[in-house]
1. Identify the single condition in (1) without any contact (Cβ under 8 Å) to a residue 40 or more places away in the chain; (2) part of a loop (DSSP other than H, G, I, E, B) that Leu10 does not satisfy, given that it satisfies every other one.
2. Is one or more of the residues making up segment 120-131 β-branched (Val, Ile, Thr) and at pLDDT 95 or above?
3. State yes or no: is Gln93 surrounded by fewer than 23 Cβ atoms within 10 Å (Cβ to Cβ) and part of a helix (DSSP H, G or I)?
4. Which of the numbered conditions does Arg43 fail, given that it passes all the others? Conditions: (1) within 15 Å of the chain's Cα centre (by Cα); (2) in a helix (DSSP H, G or I).
5. Does Ala104 satisfy the condition of being surrounded by 11 or more Cβ atoms within 10 Å (Cβ to Cβ), on the phi < 0 side of the Ramachandran plot and in contact with a Leu (Cβ under 9 Å, 6 or more places away or on another chain)?
6. Out of the residues in segment 107-126 meeting the condition of being within 13 Å of the chain's Cα centre (by Cα) and part of a helix (DSSP H, G or I), tell me which one is surrounded by the fewest Cβ atoms within 10 Å (Cβ to Cβ).
7. Filter segment 64-91 down to residues that are over 16 Å from Lys121 (Cβ atoms) and of a type in the set (Val, Ile, Thr), then give me how many there are.
8. Given the structure, is Lys66 among the basic types (Lys, Arg) and touching a Phe, Trp or Tyr at 6+ places or on another chain (Cβ under 6 Å)?
Amino acid sequence: MKFLLDNWMLVTVALASGVALLFPVLSAGRGLGPQDMVQLMNREKAIVIDVCEPDEFARGHVIGAKNLPLGQLEAKLGQLVKNKSTPVIMVCQVGARSARAAAAAQKLGFEKAQSLAGGLKAWQAASMPIEKA
């Protein structure tokens, strides 16, 4: 105990560096990056679901995405994705709604439901293509 009190600055630096090392591990579950999403789409034929409202969807969305507003997700997701083991990627404008949608889909039994971190803005920032309806 005396060592900790005498060397409080060293202890603080050690704790801060430990937190800095753990931060990427702790924040890893917050969604996919654009490159990871493309790999999932290409390798595992993931289904992309845009949970924005229809007018937002019409202004721009990931190519091939299906529109299913967040309010209708629980009622209609099973009709849109028949196999619950199929990877499902939820997308919205900034990632907040899609994170909630991915959590709701997992509760419905879609074990591979994920969210695009940063949403469509991150997708466009990574120079990925979009289409307009």
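The values are calculated or read from the model by the stated rules, or taken from the named source; none is laboratory data. Since the model is a prediction, treat every value here as computed from it, not as a measurement. Please note: Cβ atoms are built from the backbone with ideal geometry, for glycine as well, and neighbour counts cover all protein chains shown.
1. (2)
2. Of the residues in segment 120-131, the ones β-branched (Val, Ile, Thr) are 130.
In the following step, the residues that additionally are at pLDDT 95 or above were identified as none.
The answer is no; no qualifying residue exists.
3. Numbers: surrounded by fewer than 23 Cβ atoms within 10 Å (Cβ to Cβ): yes; part of a helix (DSSP H, G or I): no.
No, not satisfied.
4. It fails just one condition, (1).
5. On the way: surrounded by 11 or more Cβ atoms within 10 Å (Cβ to Cβ): yes; on the phi < 0 side of the Ramachandran plot: yes; in contact with a Leu (Cβ under 9 Å, 6 or more places away or on another chain): yes.
Yes: the conditions hold for Ala104.
6. Step one: filter segment 107-126 for residues within 13 Å of the chain's Cα centre (by Cα), giving 112-123.
Going one step further and asking which of them are part of a helix (DSSP H, G or I), we end up with 119-123.
Values: Gly119: 24, Leu120: 26, Lys121: 13, Ala122: 19, Trp123: 22.
That would be Lys121.
7. Step one: of segment 64-91, the residues over 16 Å from Lys121 (Cβ atoms) are 64, 66-88.
This time we only want the ones that are of a type in the set (Val, Ile, Thr), so: 81, 86, 88.
Residues that pass the stated criteria total 3.
8. Values: among the basic types (Lys, Arg): yes; touching a Phe, Trp or Tyr at 6+ places or on another chain (Cβ under 6 Å): no.
The answer is no for Lys66.
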